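Novice: Sending over a structure as structure tokens; questions will come in a sec.
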Amino acid sequence: MQGKKSAKGKERKQQRKVVTDLLKDYPAFQQYNRNGLDLSLEYYWAEGLPQNVQDWAFTLCKKNMEDIYNTAWGWKDETKLEELAAPEARFLVAYDKVSDGERRPMAYVHFRWEDEDGVPILYCYEIQLEAAAQRKGLGRFLMKFLELIGRKAGAHEVMLTVMKANTAAAAMYAKLGYVEHEDQPEEEEGKGPPGYTILTRRMVAAAPAQRALRPVTNSIQLENIIFG
Ligand SMILES: CC(C)(COP(=O)(O)OP(=O)(O)OC[C@H]1O[C@@H](n2cnc3c(N)ncnc32)[C@H](O)[C@@H]1OP(=O)(O)O)[C@@H](O)C(=O)NCCC(=O)NCCS
């Protein structure tokens, strides 16, 4: 999402040896059957995300977030489309079965592996649920799953950006134990306090005690190190 570092175009050319079938290690997280929802999960790299699902994700994000984004850095269609198509973008998508052979996406998480001061972290770019899927525990389930994925891969933190105006999301993150990261956006002159906060949930002790990764230049390299 905007408000943080963006990736370099040359990542497209990176050699890849990383996992594309992440879900096979997590049978308990392949389905979500609670509170009237009966969903199945899929994992995608941006390049494998079906076009209709990318279109749906964009539309859902715009519907849920445009007003809220406008309280912080503003909404731009092109920026969101670029984010969704970035080669380092990873997605979990939860589908509802409509009929045999037909299913409808209901929620997605967009995340990336990133290097934060020399340590690997998992950055949650976006979690978006259709209105009909909200307040049924799915957001909590997906965030817990992300944490597990990050923890198992050796990420030190799950980080994310939340808009101050998004009180529902902020309530969920607080409940899940997220706290303010030590690095926060600085106030830009004449613009008042930033409309967003960087949150973190640490999974291992803070940085000084950590073994630093060898320097990496982008998130696909980092992912190769994590899973390589
Ligand atoms: C925010 C969002 C991801 C939460 O997911 P969810 O499945 O609706 O939330 P859950 O049912 O898992 O709720 C988990 C906890 O979050 C908090 N919470 C969630 N929605 C809330 C709301 N509307 N108001 C207050 N607290 C809320 C509650 O503490 C809740 O725990 P409880 O049910 O025991 O009270 C989801 O509502 C959503 O997609 N909203 C629109 C998009 C968005 O804001 N995304 C986040 C961008 S940073």
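The values are calculated or read from the model by the stated rules, or taken from the named source; none is laboratory data. Since this is a predicted model, take the numbers as computed values, not measurements. Here Cβ is always computed from backbone atoms with ideal geometry, including for glycine, and neighbour counts include all displayed protein chains. All accessible areas refer to the heavy atoms of the entire protein, side chains included, with ligands and DNA or RNA removed. Shrake-Rupley method; radii C 1.70, N 1.55, O 1.52, S 1.80 Å.
Novice: Per residue of segment 110-118, what does 6.51 cos²θ - 1.76 cosθ + 1.60 with θ = phi - 60° give for ³J(HN,Hα)? Whole Hz please, x for Gly and Pro, Karplus curve as stated.
Specialist: For segment 110-118, the Karplus curve yields 10, 9, 9, 8, 9, 9, 10, 6, x Hz.
Novice: While we're here: Using 7 Å Cα-to-Cβ label points, what is the residue 98/residue 136 separation (nm, one decimal)?
Specialist: 1.6 nm
Novice: Calculate, for segment 66-206, the solvent-accessible area per residue in square angstrom, rolling a 1.4 angstrom probe over the heavy atoms of the protein chains. Don't skip to the end; give the middle numbers.
Specialist: Numbers: 6430 Å² over 141 residues.
Ligands and nucleic acids excluded, the result is 46 Å² per residue.
Novice: If contacts are Cα pairs under 8 angstrom and at least 6 residues apart, what is the relative contact order of segment 9-227 in percent?
Specialist: Contact order relative to length: 21 percent.
Novice: Enumerate the calculated ³J(HN,Hα) couplings along segment 90-100 in order (Karplus 6.51 cos²θ - 1.76 cosθ + 1.60, θ = phi - 60°), each rounded to whole Hz, writing x wherever the residue is Gly or Pro.
Specialist: Values, residue by residue: 10, 10, 10, 10, 9, 10, 9, 7, 8, 7, 4 Hz.
Novice: Okay, next question. Starting from the Cα of residue 176, move 7 Å in the Cα-to-Cβ direction to define the label point; list residues of segment 132-149 whose amide nitrogen is under 15 Å from there.
Specialist: 134-149
Novice: Roughly how many nanometres apart are two label points built 7 Å out from the Cα toward the Cβ at residue 165 and residue 151?
Specialist: Label at residue 165, label at residue 151, 3.5 nm between them.
Novice: How fast does segment 9-227 diffuse by Stokes-Einstein, in µm²/s, taking the Kirkwood radius from C-alpha pairs at 10 °C and 1.306 mPa s? Could you put the intermediate results ahead of the total?
Specialist: On the way: Rh = 18.3 Å.
Rounded, D is 87 µm²/s.
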